[in-house]
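Here the structure is laid out as structure tokens; the discussion comes afterwards.
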Amino acid sequence: MKKDERLDCDLIICGSHVVTMNNEEQVLEDAAVVVKQGKIVEIGTKNTIINKYKPKELLDVAESIVMPGLINTHTHVAMTLFRGLADDTDLGSFLDKVWAAETHYITPESVAVGANLGFAEMLLAGVTCCADMYWFPESTAQCAKQIGIRLFAGEVFVDFLGADHISQWDTRIERAENFIATYKNDDLVTPILCPHATYTVSEEHLAALAALAKKHDVAVHIHASEAEFEMDTVKKITGKTPIQVLESAGLLNEKTWIAHGVHVSKEDRDTLLMRNTKVAHCPASNMKLASGTAPVCDYLNESITVSLGTDGPSSSNDLNPWMAMRLASLLQKNSNNDALALPAKEVVKMATRYGANTLSVSDKIGQLAPGMLADIIVVQCNKPHAQPIYDVYSHLVYSARPDDVHSVVVNGKVVVNNRRLVNLNLHEVSKKMHEIKTAIYSNISTPAQG
């Protein structure tokens with residue numbers, strides 16, 4: 001075909017390896033992905049694609065892996081504000097310290113600063129979609145739209161005065177419905193409901209949220225069965241496990257996912273499977289807070305969907321999906337005393353396909369295939385730690401790092417190009433963060449040095 005007869009397209013992305021994560025689990029060598037109007041049009045050999053299509057923009061990175069964008073199914077993005085504030089402590093003490101700081105320093109404006117920094121960190125690490133649970137979700141959503149990352153977020157529900165200084169339940173319901181109305185058909189932001197946990201929201205209110213989710217056809221994102229203190233607290237209050245509470249409240253279904261799921265009995269897992277409820281596994285924070293090790297292999301063997309989360313940057317302490325991938329595999333090998341447990345390919349599925357399934361968007365993202373939304377990353381493999389490559393899945397899980405991510409495409413638009421954020425002035429965000437940090441640091445007691 002002559003060059004002047006080539007078909008128009010918006011973008012062509014070329015790579016040494018194209019890891020599709022499609023149904024056939026194809027890995028193509030010296031291949032390319034064609035993007036037009038935000039969607040993938042075709043995938044094929046580089047020569048075929050270049051001869052067939054005429055792009056407005058070309059990403060052709062030598063020694064690279066082209067793959068679906070990574071999906072972070074549990075985080076608290078704006079908690080970058082409190083990174084390193086409450087380290088080397090258990091979950092209960094961690095929450096006490098962070099919640100106290102939030103009460104004084106969380107505003108729509110500070111959340112925007114924290115969210116921008118967190119989104120920058122995630123995009124530069126190859127995360128194209130995340131599920132957030134944090135105060136003032138409207139601020140976070142506006143930042144997501146500006147920087148160009150896919151976001152699942154919504155009103156946070158607790159039964160006490162929150163860091164957003166709201167205590168009335170009806171006010172939270174109203175805010176949730178306003179957020180849903182604003183973003184119901186948005187191309188980047190998907191509204192959800194975010195009850196914090198079964199020890200911070202009553203069973204009566206959880207049931208009300210189940211009805212609200214059904215009314216608006218939105219998903220629910222909640223912490224459950226994370227730590228022993230939580231299990232004991234919920235047992236004393238309700239006589240049940242957190243999973244049993246959620247089942248009684250009618251919150252468990254195919255559009256609900258729980259964060260953590262560390263302490264779950266076989267009975268609890270059977271309930272999750274019956275309801276097709278998913279699990280967001282957060283190995284870094286579970287290890288750091290000594291919460292325990294989630295039974296990921298049991299979940300997967302029992303056909304329960306498990307995806308990956310970084311948790312918040314004040315408990316993990318970063319938003320590094322590659323660390324989450326590596327730790328997930330290593331934890332299961334160690335805890336099961338089985339070097340074959342949770343192999344690399346399965347971990348990559350957790351970070352892509354299973355993440356999309358968790359968020360009920362597996363028909364849109366999570367794999368590279370014609371008709372899917374173009375959420376794509378380019379991982380460069382030319383550094384000493386990245387050579388040689390015998391198996392791309394092993395490389396991605398056991399060797400890859402955030403700074404290997406060269407370019408990022410979300411919804412067909414390039415948002416990171418050669419490790420440069422396209423839509424955000426990171427220097428200005430860092431300057432604002434430093435000002436907030438200085439205010440926080442000047443008002444907290446610190447241990448004597450020396």
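Computed values, structure above
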| quantity | calculated |
| --- | --- |
| Those residues of region 89-125 whose amide nitrogen sits under 14 Å from the label point placed on N423, 7 Å along Cα→Cβ | 116-117, 119-124 |
| In degrees, nearest ten, helix 137-147 long axis to first principal axis of the chain (Cα) | 20 |
| Separation of the A181 and E109 label points, Cα + 7 Å toward Cβ, nm | 2.8 |
| Antiparallel %, DSSP beta bridges [both residues in the chain], to 5 | 45 |
| Using distinct alpha-carbon pairs, which all enter the 1/r mean, Kirkwood radius of region 264-358 in Å | 13.4 |
| Over 18 Å (Cα to Cα) - which of K39/K278; K364/K413; K278/K349; K236/K266; K184/K255; K236/K278 fall in this group | K39/K278; K236/K266; K236/K278 |
| For region 225-306, the spread of Cα positions along each principal axis, largest first, Å | 30, 30, 20 |
| Gain on full stretching of the segment that runs from S335 to W99 - 0.36 nm per residue minus C-alpha separation | 81.8 nm |
| Ellipticity estimate at 222 nm from DSSP helix runs (n ≥ 4, -39,500 (n - 2.57)) divided over the chain, nearest 500 | -11500 deg cm²/dmol |
| Residue exposure sequence - L151, L70, L95 - by fewest surrounding Cβ within 10 Å | L95, L151, L70 |
| Where GluC sites (Glu not before Pro) in DSSP loops with at most 13 other Cβ within 10 Å are excluded, longest remaining stretch of the chain | 25-253 |
| Computed label-point distance, nm, for sites D8 and S265 using a 7 Å Cα→Cβ extension | 6.3 |
| Globularity ratio of the chain, using Cα Rg and 2.2 N^0.38 Å | 0.96 |
| Calculated FRET efficiency for the pair S362/E204, C-beta based, R₀ 22 Å, to 0.05 | 0.10 |
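Every number in this text was worked out from the coordinates using simple rules, so none of it is lab data. Everything numeric in this text was worked out from a predicted model, so none of it was measured. Heads up, the Cβs are rebuilt from the backbone with ideal geometry, glycines too, and the neighbour counts pull from every protein chain shown.
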